1. Using only the C-alpha atoms of the chain, find the volume of their convex hull and express it per residue in Å³.
2. Note down the Stokes-Einstein diffusion coefficient of the range 313-387 in µm²/s, whole number, using a Kirkwood radius over alpha carbon pairs, 10 °C, and 1.306 mPa s.
3. Across the range 287-293, in residue order, what do the Karplus-derived ³J(HN,Hα) couplings come to in whole Hz, using 6.51 cos²θ - 1.76 cosθ + 1.60 with θ = phi - 60° and x for Gly and Pro?
4. Mind jotting down the three principal axis lengths of the range 131-258 based on Cα atoms? Whole angstrom, largest first.
5. I need the trypsin sites (Lys or Arg not before Pro) found in the range 307-400, filtered to DSSP loop residues with at most 16 other beta carbons within 10 Å of theirs.
6. Between GLU402 and ARG248, what is the label-point separation in nm under the 7 Å Cα-to-beta-carbon projection?
7. Using a 7 Å offset from the Cα along the Cα-to-Cβ direction at both THR306 and ARG366, what is the distance between the two label points in nm, to one decimal?
8. Given only helices, namely DSSP H runs of n ≥ 4 each adding -39500 (n - 2.57), what is the per-residue ellipticity at 222 nm of the chain, to the nearest 500 deg cm²/dmol?
Amino acid sequence: MRKALRGFLSLAVLIGTVSATGASVGAASAADATAIRSVGSDRSADATADIKDRILAIPGMSLIEEKPYAGYRYFVLNYTQPIDHRHPSKGTFQQRITLLHKDTSRPTVFYTGGYNVSTNPSRSEPTRIIDGNQVSMEYRFFTPSRPAPADWSKLDIWQAASDQHRVFTALKQIYTENWLSTGGSKGGMTATYFERFYPKDMDGVVAYVAPNDVVNKEDSAYDRFFENVGTKECRDRLEGVQREALIRREPLEKKYKEYADTNGYTFNTVGSLDKAYEAVVMDYVWAYWQYSLLADCDTIPADAKTAPDQAIWDSIDTISGFSAYADQGLERYTPYYYQAGTQLGSPDIKQPWLGNLSRYGYQPPRNFVPSSIPMTFQPSAMRDVDTWVKHNATRMMWVYGENDPWGAERFRLGSGAHDSHVYTVAGGNHGSNVAGLSADEKAKATADILRWAGVAPAAVQSDPAKAKPLAPYDARLDKRDVTSERRQGPALRP
């Protein structure tokens, strides 16, 4: 997505991957079965062995490092994956995963961020709720989990789901209790796609702020969102700064050139400094609502027309980040833009308050991927997932933020859904979670997560209103700072 934005499969491929009994899944399943037999026959896999020895007895698993953390064992690992799960003999690559181990008698959460994996201990909200273990996986093609040479045609949602399936299959032999999958933004999309292709693996899914761009060319939902989000006063402030940034293009681009020269930034992928500058400015209003709250509007210049150039620059840089569309800012996110331009889709909003000030409009993902990498969009991919969710979602939960633009196109349940829910956090942004829901909804969602994980206390089973996380809050493990995430790369990415 940026056109999601800057965090399909053909019918034949879909037919081959819908069922774990299909030919496309068969190769991966055979490899999984071999791995399971190997672990089961290895003396070090015995339940009395040290957990590290049991994990490293899994074929293809190797240790990068172990980091101490009170109450847990934390491992950073590599796992050998096929480059192509349909043809496992055609090469492998090393995929990073991390494991926050508490106890094999506890349930496990499979977390996917959809991008790089952090190698520092952290705990997703469901992991805290169920007081469980957590496996986290780096998405394929995000370095260093990238095949060499990189065949970009093997970066698609089915291949990534098959990565996750193999990791689960290997570790399920050790962590035998219930499993839940989760993730935020692109990670929430990833958890949803995993469930679509491997619906028998997980006992529940908790997907946060996951966009669902079913028809890539139809984006009017985003335009309606921006017409009404927040208050008119706040919208006017943001639109005023954005307009001034384009009106003052010449002096601010001079400043941008100095900034780029100082930091060694280049613009070969996007094509020019001018295109990069406008891409940053065009992101501004979206990025504000994605990462900020209505209460933060006091930080936006009240009268942009009289504000000095530096104030306009600072506001755009703080919200969007002028490094975002330099080659150095884009490089890390090439796999995301590739997926946005081949399967995921991406928003394209009109922003009528800009009049004719824009030269390029919302630039498509193709502009942010090196031209040497071929891209062809597959419109059937998201339609397939959306249809499957409507007719088959079971024990699945989506949480959105009321003021998060990504939620304008979201997953919705159909008549075939069972034991599944979609929640919205009032006034919430892209960091919305279960804890931000109203008291009744928070209790209901928490009770469902505990039940799906098989650890709901008797009191919660009889009265869901009593549900609360089983593990106490840990400031280091549990804090997610969405404002810092926007500084890591392009603002408009899920």
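1. Measuring per residue, one finds 146 Å³ for the Cα hull of the chain.
2. 110
3. These are the phi-based 3J(HN,Hα) values: 4, 4, 6, 5, 10, 10, 10 Hz.
4. The principal-axis extents, from largest down, are 60, 39, 33 Å.
5. LYS350, ARG359
6. 3.4
7. The answer from the label model is 4.6 nm.
8. Rounded to the nearest 500, the figure is -11000 deg cm²/dmol.
The values are calculated or read from the model by the stated rules, or taken from the named source; none is laboratory data. Not measured: the values here are computed from a predicted model. Glycine gets a Cβ as well: all are built from the backbone with ideal geometry, and neighbour counts include every protein chain shown. Calculation scope for accessible area: heavy atoms of the full protein, side chains included, ligands and nucleic acids excluded. Shrake-Rupley method; radii C 1.70, N 1.55, O 1.52, S 1.80 Å.
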